[in-house]
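Worksheet: one structure, shown below.
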Amino acid sequence: MIFATVGTQLPFDRLLTALDDWASTHPEVRVMAQTGRTDGTFAHMECAENLGQTEFTTAFEAARVIVAHAGMGSILSASELGKPILLMPRRAALGEHRNDHQLDTAAEMASLPNVTVVQDGKDLASALDRLLGQRDCAVAGSAKASALLIANLQNFIFASVALEMRG
């Protein structure tokens, strides 16, 4: 299964449409999405605007691949569980966010072994095909991220939050 989450602040139909288009050509793969607010309709995915914590955790744990905006909570959760995560950062110029901090976050996180960053639907489809074609979608070398990696991610998150609060 693929689980997608786009956060709850603003709609992110560009990611959801790209994933739904991919799902239309891969009916053998279950795709579930927490869509947040959207006016879009997505015929090839199981969609819920919001999931409770238990349902969200269950879907996250069951997924072979996570598809998400470049939200730190999703990145950290994927790392903790040893899940590959495919990030499509929101872009301010497209009205998807108030600023481009997700582009910066994605650029920083791209070096992690479980993170793949894409900028559009075509790249999302190619990356999903590649990730699902891998024999083991877990983070290379371990089933879960190391404590050091988790600590470094948490430090990055807290430093970013502190900068946003000051700026």
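Conditions (1) β-branched (Val, Ile, Thr); (2) within 15 Å of the chain's Cα centre (by Cα); (3) farther than 28 Å from residue 150 by Cβ, marked per residue:
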position: 18; (1), (2), (3): no, yes, yes
position: 55; (1), (2), (3): no, no, no
position: 61; (1), (2), (3): no, yes, no
position: 74; (1), (2), (3): no, yes, no
position: 90; (1), (2), (3): no, yes, no
position: 117; (1), (2), (3): yes, yes, no
Does residue 14 fit the bill of being modelled with pLDDT under 95 and in contact with a Gly (Cβ under 9 Å, 6 or more places away or on another chain)?
yes
Any residue at all in the range 49-61 that is more than 26 Å from residue 110 (Cα to Cα) and assigned to a strand (DSSP E or B)?
no
Can you find, within the range 21-53, the residue that is surrounded by the most Cβ atoms within 10 Å (Cβ to Cβ) among those that are closer than 21 Å to residue 83 by Cα and either touching a Phe, Trp or Tyr at 6+ places or on another chain (Cβ under 6 Å) or charged (D, E, K, R) (or both)?
32
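With the structure loaded, tell me whether residue 16 is in contact with a Ser or Thr (Cβ under 9 Å, 6 or more places away or on another chain) and either surrounded by 15 or more Cβ atoms within 10 Å (Cβ to Cβ) or assigned to a loop (DSSP other than H, G, I, E, B) (or both) or whether it fails that test. Even if it seems obvious, please write down each step before you answer.
Details: in contact with a Ser or Thr (Cβ under 9 Å, 6 or more places away or on another chain): yes; either surrounded by 15 or more Cβ atoms within 10 Å (Cβ to Cβ) or assigned to a loop (DSSP other than H, G, I, E, B) (or both): yes.
Against the criterion (in contact with a Ser or Thr (Cβ under 9 Å, 6 or more places away or on another chain) and either surrounded by 15 or more Cβ atoms within 10 Å (Cβ to Cβ) or assigned to a loop (DSSP other than H, G, I, E, B) (or both)), residue 16 qualifies.
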Counting only residues that are in contact (Cβ under 8 Å) with a residue 24 or more places away in the chain and of a type outside the set (A, V, I, L, M), which one in the range 73-86 is nearest to residue 14 (Cα to Cα)?
74
Please indicate, with yes or no, whether at least one residue in the range 45-52 is more than 18 Å from residue 103 (Cα to Cα), in contact with an Asp or Glu (Cβ under 7 Å, 6 or more places away or on another chain) and aliphatic (A, V, I, L, M).
yes
I want to confirm something. Restricting to the range 62-102 and keeping residues that are polar (S, T, N, Q) and outside any loop (DSSP other than H, G, I, E, B), which single residue is surrounded by the fewest Cβ atoms within 10 Å (Cβ to Cβ)?
77
Members of the range 1-13 found to be assigned to a loop (DSSP other than H, G, I, E, B) and more than 18 Å from residue 64 (Cα to Cα), listed by number:
7, 8, 9, 10, 11, 12
Identify the single condition in (1) of a type outside the set (Ser, Thr, Tyr); (2) touching a Leu at 6+ places or on another chain (Cβ under 8 Å); (3) at positive phi that residue 7 does not satisfy, given that it satisfies every other one.
(2)
With the checklist (1) farther than 17 Å from residue 121 by Cα; (2) assigned to a loop (DSSP other than H, G, I, E, B) in hand, flag the one item residue 26 doesn't pass.
(1)
Assess whether residue 96 counts as being more than 16 Å from residue 154 (Cα to Cα), at pLDDT 95 or above and among the acidic types (Asp, Glu).
no
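Taking the options 70, 23, name whichever one is more than 28 Å from residue 150 (Cβ to Cβ), in contact (Cβ under 8 Å) with a residue 12 or more places away in the chain and of a type in the set (A, V, I, L, M, F, W, C). Give the derivation first.
Values: 70 fails: more than 28 Å from residue 150 (Cβ to Cβ).
Answer to the check: 23.
The values are calculated or read from the model by the stated rules, or taken from the named source; none is laboratory data. It should be emphasised that the depicted structure is a prediction, and the values quoted were computed from it without experimental measurement. All Cβ positions, even for glycine, are placed from backbone atoms using ideal geometry, and neighbour counts span all protein chains on display.
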